[in-house]
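Report on one structure; see the data block that follows.
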Amino acid sequence: MSLAKIENHDHQQWASVADQAQSHIETRLFIDGDYCDAVDGGRFATINPANGETLAEMSEGMPEDIDWAVASARTAFRSGAWSRIAPRERMEILYAFAGLVDEHAEDLAVLETLDMGKPIGDVVAEDIPAVIDTIRFMAEGIDKIDGSVTNTDNDSLHMVIREPLGVVGCISPWNYPLLMATWKIAPALAAGNTVVLKPAEQAPMSCVRLAELFVRAGGPPGVFNVVNGMGETAGKALALHNDVAKLSFTGSTEVGKLILQYAGQSNMKRVALECGGKSPQIFMADLPDLEAAVDAAYNGVFANMGEVCSAGSRLLVERPIYDEFIGRFIADGKDAYVPGDPLDPSCNMGPLVDRGAQQRVLTMIEKGKQEGATLHFGGNAPHGLEHGAYVNPTLFGNVNNEMSIARNEIFGPVASVIPFDGPEEAIAIANDTIYGLAAGIWTKDINKAMRLVKNIEAGVVWVNSFEDGDMTQPFGGYKQSGHARDKCMDSLKSYTQGKSAWFRLASQ
Ligand code: NAD
């Protein structure tokens, strides 16, 4: 059922869609244009974090399955059935693919919610439309990236031709399973590459369906393959594979560093990294609208249960407005996110992705308490929801940047408010982190805003807003948040390489 038809589904409808979906979950891998079991028949359980129940036993891809998928992708690439067809033909297939994602919005959305606990309302309003936009944007870009003809002497002609890379390996995280995978596969496919995707093992159910829809849209077999499995086995085998030309990774900084090593240990493949973050939002005393700023503060750290790479988890507040800011945050933000059943479209906070994540976040909260931060609300698991991996939205005040809650990526609904005096101190605190993904700046003063924009070490900076943007905006980090750029035309171009062709012209 398409997006337009599911926008008004109520809780009961989603519960019944979920019941039906659970009876026919696709558990297999997708290689060479079809579903298949793992070579050794292995399986792993995927759990619903809202109730702890096993949803399905998924096929567990091992290095042999990665070999098979890469071989299939390589054969498909070399056949030219995708890489050499007219750009507009590829474009039409990708448009049809985006159309099928829309047509299947209901089943894709419910898989996402069941598997990682994301509120169904968010999946329908944000994730699925963003997946469709990404595929369409990259399809539109196919014939908009040009090579070049350079200025040479009169007896030569030199051109740079843009070509696809070959087989692209993609490794994606679980926090936006479909969207993070699509930020990679859409530009890779649009540029004419073939793809092997290894989704996160915590949320493996939805991405494999994308590959099926691609083939139904007319995509040739072997062009888009999906191998579910563990990071240390299937993911590592993909990153070490000698026939993979580029490895595009989104996940933790720790694993991003391993991916760089695997590239060096194998074929020096290109590596694109989108990693963790500990993003600051800086609230200057002269901000234009306290209510809007506080809204952006709690939405920026509680949305998607705080499981957002660019979450504004460090809230730097200038001292003259500190008390008022905290007071309003408590008044407006304390009950803004209420943990509940993610299949209820009115729910805006589901469980964390699994029990491990819940324990990790609760441990970080305990550290915050021990280190002397002031706990204003939350700080525990909600009563009555013990069957799921839930954590209450949590606000810490009087945090200093040395505390572990300010230094480590918590990846949960935990806000840390840090007081500061003046723009120079704000810049020093904001940049005192290994990360550099995103930042928010709130001030009426254009000079101050510009100075902060210039001095903040982050790949994305928002002024008087947070998490805004569209497909034209490059998304990616500085420092140990990685170096890739998703979403924009640069992303599409990064899945191509330039070939220099120099012609010596014969004299007449
Ligand atoms: P993770 O690093 O644990 O896993 C990410 C992926 O890497 C998974 O598919 C996993 O199976 C795989 N993997 C794990 N070990 C591997 C290995 N040794 N070799 C190859 N692959 C391996 O991250 P996660 O917990 O899934 O996701 C959360 C992290 O992702 C957070 O740090 C978050 O900030 C980051 N993230 C970043 C962005 C961004 O755009 N910068 C977007 C979303 C998430």
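The values are calculated or read from the model by the stated rules, or taken from the named source; none is laboratory data. Worth saying up front: this structure is predicted, and the values here are computed from it rather than measured. As a convention, Cβ positions derive from the backbone with ideal geometry for all residues, glycine included, and neighbour counts pool all protein chains shown.
Okay, here's what the table says:
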| quantity | calculated |
| --- | --- |
| Of all residues in the range 419-439 being crowded, with 24+ Cβ neighbours inside 10 Å and more than 16 Å from the ligand (Cβ to nearest atom), the one that is nearest to Asp341 (Cα to Cα) | Ala430 |
| Selection from the range 276-317 of residues that are more than 20 Å from Ile405 (Cβ to Cβ) and in contact with a Leu (Cβ under 6 Å, 6 or more places away or on another chain) | Ala293 |
| Identity of the residue in the range 279-330, part of a loop (DSSP other than H, G, I, E, B) and within 12 Å of the ligand (Cβ to nearest atom), that ends up nearest to Gly469 (Cα to Cα) | Ser310 |
| Any hit, the range 224-240, residues being touching a residue at least 24 places away in the same chain (Cβ under 8 Å) and over 16 Å from Asp65 (Cβ atoms) | no |
| Among the candidates Asp341, Asp335, residue that is under 24 Å from Asn398 (Cα atoms) and either of a type in the set (Asp, Glu) or not assigned by TED's automatic domain parsing to the domain that holds Leu114 (or both) | Asp335 |
| Flag if Gly333 is within 16 Å of the ligand (Cβ to nearest atom), crowded, with 20+ Cβ neighbours inside 10 Å and over 30 Å from Val17 (Cβ atoms) | no |
| Sole residue being at pLDDT 95 or above, of a type in the set (A, V, I, L, M) and surrounded by fewer than 21 Cβ atoms within 10 Å (Cβ to Cβ), chosen from Ala181, Ala217, Ala203, Ala139 | Ala217 |
| Selected residue (criterion: nearest to Ala125 (Cα to Cα)) from residues of the range 1-54 that are over 24 Å from the mean Cα position of the chain (by Cα) and aromatic (Phe, Trp, Tyr) | Trp14 |
| Ala263 vs. criteria surrounded by fewer than 24 Cβ atoms within 10 Å (Cβ to Cβ) and within 28 Å of Met349 (Cα to Cα) | no |
| Residues of the range 190-200 satisfying the condition of being in contact with a strand residue (DSSP E or B) (Cβ under 6 Å, 6 or more places away or on another chain) and crowded, with 24+ Cβ neighbours inside 10 Å | Ala191, Asn193, Thr194, Val195, Val196, Leu197, Lys198 |
| Subset of the range 188-242 (residues that are small (Gly, Ala, Ser) and near the ligand (Cβ under 9 Å from one of its atoms)) | Ala200, Ala203, Gly229, Gly231, Ala234, Gly235, Ala237, Ala239 |
| Scope the range 471-497; condition of a type in the set (D, E, K, R) and over 14 Å from the mean Cα position of the chain (by Cα); matching residues | Lys479, Asp490, Lys493 |
| So Val124, is it within 30 Å of Ala21 (Cα to Cα) and touching a His at 6+ places or on another chain (Cβ under 9 Å) | yes |
| For Pro288: the one exception among (1) crowded, with 18+ Cβ neighbours inside 10 Å; (2) in contact (Cβ under 8 Å) with a residue 40 or more places away in the chain | (1) |
| Selection count, the range 461-508, where residues are more than 28 Å from Asp289 (Cβ to Cβ), among the hydrophobic types (A, V, I, L, M, F, W, C) and assigned to a loop (DSSP other than H, G, I, E, B) | 4 |
| Cβ pairs under 7 Å, 6+ apart, first in the range 256-278 and within 12 Å of the ligand (Cβ to nearest atom), second among the β-branched types (Val, Ile, Thr) and assigned to a helix (DSSP H, G or I) | Val271/Ile259; Leu273/Ile259; Cys275/Thr253; Gly276/Thr253 |
| Residues located in the range 381-400, provided they are under 26 Å from the mean Cα position of the chain (by Cα) and either over 27 Å from Leu315 (Cα atoms) or part of a loop (DSSP other than H, G, I, E, B) (or both) | Ala381, Gly388, Ala389, Tyr390, Val391, Asn392, Pro393 |
| Number of the exception - Lys246 against (1) among the charged types (D, E, K, R); (2) within 8 Å of the ligand (Cβ to nearest atom); (3) farther than 22 Å from Glu112 by Cα | (2) |
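Yes/no matrix, rows are residues, columns are (1) more than 30 Å from Pro119 (Cα to Cα); (2) buried (at least 18 other Cβ atoms within 10 Å of the Cβ); (3) in contact with a Gly (Cβ under 8 Å, 6 or more places away or on another chain):
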{"residue": "Gly42", "(1), (2), (3)": "yes, no, no"}
{"residue": "Ala45", "(1), (2), (3)": "no, no, no"}
{"residue": "Pro49", "(1), (2), (3)": "no, yes, yes"}
{"residue": "Gly61", "(1), (2), (3)": "no, yes, yes"}
{"residue": "Asp65", "(1), (2), (3)": "yes, yes, yes"}
{"residue": "Ile93", "(1), (2), (3)": "yes, yes, yes"}
{"residue": "Phe97", "(1), (2), (3)": "no, yes, yes"}
{"residue": "Glu103", "(1), (2), (3)": "no, no, no"}
{"residue": "Glu106", "(1), (2), (3)": "no, yes, no"}
